[in-house]
Amino acid sequence: MKIDDFDFELPEKLIAQTPLKDRSSSRLMVLNREMRTISHHHFYDVLDFLEKGDCLVLNDTKVLPARLFGTKKDTGAKVEVLLLTQMEQDDWEVLVKPARKIQIGTEISFGDGKLRAICVDTKEHGGRILRFRYQGIFYEVLDELGEMPLPPYIKEQLEEKDRYQTVFAREQGSAAAPTAGLHFTDELLEEIKQKGVEIAFITLHVGLGTFRPVSVEDVTTHEMHAEFYQMTSETAEQLNKVKKRGGRIISVGTTSTRTLETIARDTGGNFEERNGWTDIFIYPPYQFQAIDGLITNFHLPKSTLIMLVSALADREFILEAYNQAVKEKYRFFSFGDAMLII
């Protein structure tokens, strides 16, 4: 399967630069796989397509304000740091700019010394391992000094930091938001529960690999970056009961999907308490074991994300839907509109 099989014309003006004021007022395209129909709605209409006994699975990861601006201790040169993954204790894998200026032993100061770091190892592509030093609680210091790491295609500043968090975010650790969840409000979630739809939570900490372009012509040779996930025993038990009684498991976002499919793959189709790292890459013709439906945003051409949805709903059908989305001027990607595949 070739990368060009997942290409389509996307005008740059359709890539949403700012979130809507009301989360749930974004548009919703509904794809019915059996009927092969496409219909157009608003996100709050999702209630009409959920049934009593269904279970929505949400990713409760919380985005870190992971972009830091500091100076080299010896020269005062400006340095930009993006936290990627906590290694152990106060060691973090990061990206730095300009990378060539940060070598083993280099010391960096942030916020007039409130946060300090020393480079203890180097990685390829600008990666470094920094060991941080601070007084108090690291995440509180980070919340004071850090900025939200918006995706590279968003050029405008975010006025409200919380708009790049879901309303149910609680587990610190992501470099990016699980954006399909951004459409939900507390009120809409309560209405969904009142209808008899269950809500379950898993965690996958989104890494920047989400935005890494596929650079190979044959997509089967692309390697995904590993991301940390976890499922509690309570969630596993809840999902197994839903499956047993014939309810639908509807995943919210590609991150939730990758977590659920990783666990189902490793356990023979059941759900268990699990945590670990997944580099699962889902593309056609993949056989889904965990989910029955998906809520997701509109993704960029040739991305691993459009490959995942093409595996669920048939590549030709997805491309037809995307061409309609372009024609109807849907908003794309993180702050854009949504698609429900059932």
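Descriptive notes on the structure:
- Among the listed pairs LYS302/LYS329; LYS161/LYS327; LYS78/LYS155; LYS62/LYS243; LYS78/LYS123, those whose Cα-Cα separation exceeds 25 Å are LYS161/LYS327; LYS62/LYS243.
- Converting phi to 3J(HN,Hα) with the Karplus coefficients 6.51, -1.76 and 1.60 and the offset θ = phi - 60°, the range 294-310 yields 8, 9, 8, 8, 8, 9, 7, x, 6, 8, 5, 6, 5, 5, 5, 5, 5 Hz in sequence order, with x at every glycine or proline.
- Placing MET1, MET148 in order of accessible area, with the largest value first and a 1.4 Å probe, yields MET1, MET148.
- Here is the list for the range 84-154: GluC sites (Glu not before Pro) lying in DSSP coil, each with at most 15 other C-beta atoms within 10 angstrom of its C-beta, are GLU124.
- Fraction of accessible area attributable to carbon and sulfur, the chain (%, probe 1.4 Å): 45 percent
- Those GluC sites (Glu not before Pro) in the range 189-247 that DSSP places in a loop and that have at most 12 other beta carbons within 10 Å: GLU217, GLU223
- Which labelled figure in (1) 69, 51, 28; (2) 79, 48, 34; (3) 65, 43, 40 is Cα extents along the principal axes in Å, once derived from the coordinates: (3)
- Relative to the Cα centre, the charge distribution of the chain, modelled as +1 at Lys and Arg Cβ and -1 at Asp and Glu Cβ, gives a dipole magnitude of about 480 debye.
- ³J(HN,Hα) computed for each position of the range 272-281 - Karplus, 6.51 cos²θ - 1.76 cosθ + 1.60, integer Hz, glycine/proline x: 9, 4, 8, 8, x, 10, 10, 10, 4, 10
- Annotation: per residue accessible area for the chain equals 47 Å², rounded to a whole number [probe 1.4 Å, protein chains only].
- Close amide H pairs (under 5 Å, H built 1.01 Å from N) link GLN172 with LYS62, residues at least 5 positions away or on another chain.
- Proximal lysines to LYS241, defined as alpha-carbon separation beneath 26 angstrom and excluding residues fewer than eight positions away on the same chain: LYS52, LYS193, LYS195
The values are calculated or read from the model by the stated rules, or taken from the named source; none is laboratory data. From a predicted model like this one, the values you see are computed outputs, not experimental measurements. When we count neighbours, we look across all protein chains shown, and the Cβ atoms used for this are built from the backbone with ideal geometry, even at glycine. Just so you know, the surface numbers come from the protein's heavy atoms only, side chains and all, with ligands and any DNA or RNA stripped out. Shrake-Rupley method; radii C 1.70, N 1.55, O 1.52, S 1.80 Å.
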